[in-house]
Every structure is written in structure tokens, then in C-alpha cells.
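These notes concern the structure reproduced below.
The values are calculated or read from the model by the stated rules, or taken from the named source; none is laboratory data. None of these values were measured; they are calculated from a predicted model. FYI the Cβ positions are ideal-geometry reconstructions off the backbone, even for glycines, and counts take in every protein chain you see. Just the protein is used for accessible areas: all its heavy atoms, side chains included, with ligands, DNA and RNA removed. Shrake-Rupley method; radii C 1.70, N 1.55, O 1.52, S 1.80 Å.
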Amino acid sequence: MEHNGALDSLLQEERVFRPLPQLVIEANVNPQEYDAAVRNGNDDYLSYWEDAARELDWFRKWNQVLDDSNPPFYRWFPGAKCNIVYNALDRHITTANKNKLALIWEGETGDTQKFTYYELYRAVNRFANALRSLGIKKGDRVVIYMSPLPETIIAMLAVAKIGAVHCMVFAGFSAKALRERINDAQAKLVITADGFYRNGRPINLKKVIDEAVEGCDSVDTVVVVHRANVQVEMNEPRDLWYEALVRQESPECPTEVMDANDMLFLLYSSGTTGKPKGIVHGHGGYMVGVHRSLNWVFDIKPTDIFCCTADVGWITGHSYVVYGPLMAGTTTVLYEGHPLYPQADRMWDVIAKYGVTIFYTAPTLIRMLMRFGTQYPKMHDLSTLRLLGSVGEPINPEAWVWFYKNIGRSECPIIDTWWQTETGSFIICPFPISLLKPGSVFKPLPGIEADVVDEQGNPVPPGKGGQLILKRPWPSMLLGLYKDPERYKEAYWSQVPGAYLAGDVARKDEDGYIWIQGRSDDVLNIAGHRIGTAELESALVAHRAVAEAAVIGVPDSIKGEVAKAFVILNEDYNDPEDPDELLKQLKDHIRRELGPVAVVKSIEIREKLPKTRSGKIMRRILKAEEMGEDVGDTSTLEND
Ligand code: WTA
């Protein structure tokens, strides 16, 4: 079985870590309750999820828990009326949460903004009213291309509050990638900032927007938040300053009543073709999955301060910076900038300053900070921490143990959560009470049934690698791919009949613990970000010097994986005078095409690429050569 990850040390890990007795006693879900939930989730998963749904507020109850009459287009809670923003904000205003901190934001430059639930609610209402007055209605798509700012969260919530659909685009994407998404979504309105701070420098975002929306017929309005004082050109009447727009608006605004399966957001993610997939989530099922998973898995208590380092432009930010923490009534901490600015203790400083109790991050960040040794964490009081979390890529045991010892004082469990943009919320992960094995994501959550299977869909024996599948629908599952029902069926539901194919290679051990090895498709996981090899290849061949390109993932000690490209040059470029200069140009070109999110470590010029007889490039062979492994079966290779 092919896999892109190279964390082979995962295969030998045998240590087990136990939670402290106090933590088990105080847990929201104790070991007996956990066992009961697993049992209930297996015996009658619909009533298990119905119980989870009852913890939230609905305008009208469902007719049925799950409509499975048209698989794989499963619909949860049909007939129900709700709005996730009602649960994230409105309902707190009449409780003791009203004056509690909802959001703590820290800018890279050290400035801080704090919002109580009441203040956030009113800010969202103002912007929601402004959006309505700009003609944005239920179902309209709004693209948000922003750095982490309070207004980024306000914008998401305001869009959802009035029933429109938000489509976040990570600020590391290029103008071209942004334009493709705006066009596909047919967005009427785009929200951005003038710029943001990263590594001590202001980065101009508005410039990217100007380039991206040129020629986008659907876009009527661009709303610009003032953040970094960078020089921007306001193109009237299209461009409006956020601050001027909300000033006159009322802080009260009715929340749109939505059907449970109305669209909440659209989020693009890389697939196996050059065209990103528009992953669609709705209000009802998504809120149930996110709410239950956060409260149970991260054991949310009234005094918690929750800090998730993900960018709001990715699914982790949607579910566990914004919606999950706010629905739970906890305090979410958002940091704007680079984790190494001004030095390698910035994250530890944030934890100490705000008394963060739960710190949820990615292996890439841990590996990056590990390099600087323990002197930085030692400079800060990290004693408020009680739980740690990891997401986005397999965590190697070395990073796990470093994080556990030096950040968690060998007392805080590490909750390694496996899930995807498509799954909406955690799917496979431990609870604070679980016995942990570093590098394993533990077992499926109650109510979820997962397995590891071979090509024929049969379960593989313990220790053997196979495809990870989910055997039943779950509430926070994607509703589908935007405007592409066929691709949805084909990509996820066609390989193993009746099951959802995750696209990851995994194995189970003798104890039923699951170990994720990496993607099984042509998608790379660079620093926890999904990038399709096909996207990189089409960016490369768009350069006039390149005739053909093949991209593979190669291991990287910090980013987990980075891209390596092999190119065949066009005849006119066959003998470049300065090959280094050409390679540099190609790297710059990829950055322009896709944005800084696509990290290509090296590009190698070749005269030939290994192909099948039907002309498909065999990346598997390039990868094996690169890794110094046996190239395996090459019987389908074309003849020389
Ligand atoms: C990978 C991010 C190992 C996996 C939430 C998955 C992980 C892809 C883990 C989804 C983990 C995510 N251990 N691998 N704990 N979490 N992945 O859509 O390959 O950005 O398919 O969602 O990240 O990435 P996405």
C-alpha cells in the first residue's frame, strides 16, 4: 500500500501513558460513561446522536433523526429548523455567559482585544445588518479572505446569522487560487482586510483581492477591515471600509431560521484532480457533531480558556476556533501572527498571559518549536494547562513525548484528533481518560464506526496497513461537493460499497488502536495543509519552460512532508544557460500560481518520466527512487 508519510518510527511505538487520577475523577465523561456511550453508539446510533442534538437549541424539532433514503446524500435531522449562530451567540445572552469572555485576540504586534459574549453578539449583529443592507440574502455566497482578526470571526458569524454561506479562503492562497474559488462559488461579496502582520512585516491583502476580483462578474462589493495601515486603493463604489459600514447599524438583528440541511459554509480542499473540491456543510448536523465532540473530547469546563492555533481559513479553525468553543460557551484565544515572532516563545507567552487551559495545535508547530529546545517553555508559567491536542498530520512519537514532557509537565494528556474537512468534527480520537500510545489516534468516537480494509473492502488483520473507511453516516458529515454530486459519489463512496472512503492509509494494532500513516491518494499533507499533486503539476506546466511535470511528497523533519517536482523542459529550454536561475523562476511561478501555502522543496530536471503504457506518470516509481526503496512492480511501464 502506498503512503505519503514517512513516519516509520510510528510502527515501533509501544509506550502507554495513563491519565492522572484527578483528571479521571473530574472528567465530563468518566470511564463508565465512556463505555456506556460506546455501547449506545453501537446499539442504536440514531438515538445516541439524537441525545447529542437535544443539548442544543432548535427553532423546531426534526421529523426524523436521519433520512437515508438517498445514499450517499444522507440528511440529518430533516424537518428541523435552527441556526448555528443562535447556539454560538444568541442563547448565551440570556445566561450567566453573557458577560463572560467569548474571544481573546492577540495581534502579532502585541495589541489585544477582548469580547464578552454580549459584545461579540452585538458586533456580529451590526455587521449582519450591514450585510443585509448590502443586499446579501439567505443562500448567497460570501468569500472571506482574511488573516486571523476578531473581524474574521465576526464576519463568519454575521454571514451565517443571516442565512448566507461563508466561504473562507486561507490568506496563504494566491490571487489566482482565490479567483478560482470566488468564481466557482459565484460569490456576491468578498470580505478582506487591508493587510496583516506576519513575522514583523505588514502583508498587503487588499492587493491580492484587487487582482483576484478583476473580471469576477459575480462580485458587487468588497468589504475591507482596517488592520495594518498599509496603502490600499479603494475602488469606488465597489470597495467599502468595514468600520464605516457598521458604525450606523443597530446592534440587534434577527437570526435567520434555517432548515437543518441548509448550507452553512463552503470550504475548498484539494483533491486528486487540479480542481479543488467545494466541501459543503449545513447548520444542523454540523452543529451537533462539533458541539458534542468538543464538550466531550476536550472536556470543556466553565473555567477553561481554549486556544487552538489553526488558521480560521481551515476546517480546524471553523470547528474549533469559532463554532465549537462559542457553542460550548468557553473562551477562545486567537493569535494573529507568526509563532516565532519576535522569538520562539510566543505561543508559551500567549498560554501564560491568558491562563490557557487547553492548547490544541499541529505536529508541524510542535516540531518547529522543539528545535529551539526547552529554554523557551521554561521561561513561562505553563501550569494552567490541563489538556493538549494535536491535529492535521500524523504526530511522530518524538514530538509527542517532547510536547507531553515539556509543555504538559508529563501531566496533560495529548488528544490526537483524526478528522477531515469532510467530516466536520473529530472522528477518531481519545478522551482525557484514555490510555494513550504516542502516535496513535486511539479509537473511533462513540456513535462512529470506522475500519481499516483492503482493496476488496475486507477488514485487514491487526498490524497490516489498509484504507481507512467510515461505515455509517455521522451528523457533521459533508452534505456533498458544491455543484458536483457525481464527484462526491465517485471520490468518497464508490470504492467500498456503502462506506465512506477517507483517503488515508491506516492500521489497527492488537488493542484496536488506530495509527494513521498518511494519505493514500495524490494529495500531499504539507505542514498539515492539503495540497494536490495535480494542482502543483498544472501550475508547473503553465510555465512556458515546462513540458511535463510530476510531483511527489518527500519527508521533511518539520513540515512532515514537502513537495518535490520533476520536470521535462520544453525544447527551447532544453539547455538552460543558468539552470539554477530557471529553477528559482519555477519556484516563484508556483508561489504566484498557488500561493505560499504550496511549499516545493526542490525541482529536478529530467529527460524522461516513468509512465504507464497509457501515458500516466507513475509517481510511485519516482517516490520509491527518491526514498531509495525497491521500485516494486513496473510491469505496466512503457517500453523505452
Ligand atoms: C490528515 C484537518 C494523522 C489526514 C482536520 C486527513 C491526520 C487530512 C490527523 C485531513 C491526525 C488529520 N493524524 N493525520 N490526527 N488529522 N490528518 O481536511 O490525512 O485539512 O485525511 O482536515 O489530514 O485534512 P483536512
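Taking residues in the range 390-403 that are open to solvent by less than 30 Å² (accessible area, probe 1.4 Å), and partners anywhere that are near the ligand (Cβ under 6 Å from one of its atoms) and of a type in the set (S, T, N, Q), the pairs with Cβ atoms closer than 6 Å and at least 6 places apart or on different chains are V391/T316; V391/T417; E393/N525.
Checked against (1) within 16 Å of the ligand (Cβ to nearest atom); (2) among the aromatic types (F, W, Y); (3) closer than 18 Å to E13 by Cα, Y360 meets all criteria but (3).
Among the residues of the range 514-532, those identified as more than 9 Å from the ligand (Cβ to nearest atom), open to solvent by less than 30 Å² (accessible area, probe 1.4 Å) and over 20 Å from C429 (Cβ atoms) are L524, I526, A527, I531, G532.
Evaluate the following for T364: is it buried (at least 21 other Cβ atoms within 10 Å of the Cβ) and closer than 27 Å to P202 by Cα? So T364 passes the test.
None of L369, L385 is more than 9 Å from the ligand (Cβ to nearest atom), within 21 Å of L340 (Cβ to Cβ), part of a loop (DSSP other than H, G, I, E, B) and open to solvent by less than 10 Å² (accessible area, probe 1.4 Å) except L385. Within the range 372-382, being assigned to a helix (DSSP H, G or I) and either buried (at least 17 other Cβ atoms within 10 Å of the Cβ) or within 16 Å of the ligand (Cβ to nearest atom) (or both) holds for Y376, P377. Among the residues of the range 226-274, those that are more than 28 Å from R198 (Cβ to Cβ) and either basic (K, R) or open to solvent by 60 Å² or more (accessible area, probe 1.4 Å) (or both) comprise E236, P237, R247, Q248, E252, P254, V257, D259, T272, T273. When G595 is evaluated against the numbered criteria (1) on the phi > 0 side of the Ramachandran plot; (2) surrounded by fewer than 18 Cβ atoms within 10 Å (Cβ to Cβ), which criterion, by number, is the only one it fails? Condition not satisfied by G595: (2).
Only residues that are in contact (Cβ under 8 Å) with a residue 24 or more places away in the chain and either open to solvent by 30 Å² or more (accessible area, probe 1.4 Å) or among the hydrophobic types (A, V, I, L, M, F, W, C) (or both): list them for the range 548-562, please. Result: E548, A550, V551, I552, V554, P555, D556, S557, I558, K559, V562. If the condition is being within 11 Å of the ligand (Cβ to nearest atom) and touching a Gly at 6+ places or on another chain (Cβ under 6 Å), then the range 498-513 contributes only V505.
A search for C-beta distances below 6 Å between a residue of the range 459-475 that is of a type in the set (A, V, I, L, M, F, W, C) and any residue that is outside any strand (DSSP E or B), counting only pairs 6+ apart in sequence or on different chains, returns V460/D454; I469/V496; I469/A499; W474/I448.
K601 fulfils the conditions (1) part of a strand (DSSP E or B); (2) open to solvent by less than 50 Å² (accessible area, probe 1.4 Å) except for a single criterion, (2).
Among strands (runs of 3 or more DSSP E) entirely within the range 185-298, having at least 2 residues that are of a type in the set (A, V, I, L, M) and closer than 17 Å to K161 by Cα singles out 189-193, 263-269. Filtered by the rule that a residue be of a type in the set (S, T, Y) and within 20 Å of R472 (Cβ to Cβ), the range 490-517 gives Y492, S494, Y500.
Report, by residue number, each residue of the range 249-290 that is of a type in the set (A, V, I, L, M), within 16 Å of the ligand (Cβ to nearest atom) and in contact with a strand residue (DSSP E or B) (Cβ under 7 Å, 6 or more places away or on another chain). Scanning the range 249-290 gives L266, L267, I279, V280.
Does N574 count as over 30 Å from I395 (Cβ atoms), open to solvent by 60 Å² or more (accessible area, probe 1.4 Å) and either within 23 Å of the chain's Cα centre (by Cα) or not small (G, A, S) (or both)? Criteria met by N574.
Screening the candidates I433, I428 for the property of being open to solvent by 10 Å² or more (accessible area, probe 1.4 Å), modelled with pLDDT of 95 or more and closer than 30 Å to D43 by Cα yields one hit, I433. Scoring A539 on the criteria (1) in a strand (DSSP E or B); (2) in contact with an Asp or Glu (Cβ under 7 Å, 6 or more places away or on another chain) leaves a single failure, condition (1). Close Cβ contacts (under 9 Å, 6 or more residues apart or on different chains) running from residues in the range 121-140 that are at positive phi to residues that are open to solvent by 20 Å² or more (accessible area, probe 1.4 Å) and at pLDDT 95 or above comprise G135/K188; G135/D220; G139/D262; G139/M263.
Table: residues versus (1) hydrophobic (A, V, I, L, M, F, W, C); (2) in contact (Cβ under 8 Å) with a residue 40 or more places away in the chain; (3) open to solvent by less than 10 Å² (accessible area, probe 1.4 Å).
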{"residue": "V142", "(1), (2), (3)": "yes, yes, yes"}
{"residue": "M146", "(1), (2), (3)": "yes, yes, yes"}
{"residue": "I154", "(1), (2), (3)": "yes, no, yes"}
{"residue": "L157", "(1), (2), (3)": "yes, yes, yes"}
{"residue": "V169", "(1), (2), (3)": "yes, yes, yes"}
{"residue": "K176", "(1), (2), (3)": "no, yes, no"}
{"residue": "E180", "(1), (2), (3)": "no, yes, no"}
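Given L478, L445, which one is within 16 Å of the ligand (Cβ to nearest atom), more than 30 Å from S602 (Cβ to Cβ) and out of contact with any strand residue (DSSP E or B) (no Cβ under 6 Å at 6 or more places or on another chain)? Result: L445 is the single residue among L478, L445 that is within 16 Å of the ligand (Cβ to nearest atom), more than 30 Å from S602 (Cβ to Cβ) and out of contact with any strand residue (DSSP E or B) (no Cβ under 6 Å at 6 or more places or on another chain). Residues of the range 115-138 include at least one that is more than 23 Å from the chain's Cα centre (by Cα), among the acidic types (D, E), open to solvent by 10 Å² or more (accessible area, probe 1.4 Å) and modelled with pLDDT of 95 or more.
The set of residues in the range 408-418 that are within 23 Å of the chain's Cα centre (by Cα) and either under 19 Å from A344 (Cβ atoms) or open to solvent by less than 10 Å² (accessible area, probe 1.4 Å) (or both) comprises P413, I414, I415, D416, T417. Here the range 335-357 is the region considered, the condition is being within 24 Å of the chain's Cα centre (by Cα) and in a helix (DSSP H, G or I), and the residue that is nearest to the ligand (Cβ to nearest atom) is M347. Taking the listed residues E607, E629, the one that is of a type in the set (D, E, K, R), modelled with pLDDT under 90 and open to solvent by 70 Å² or more (accessible area, probe 1.4 Å) is E629, with no other qualifying.
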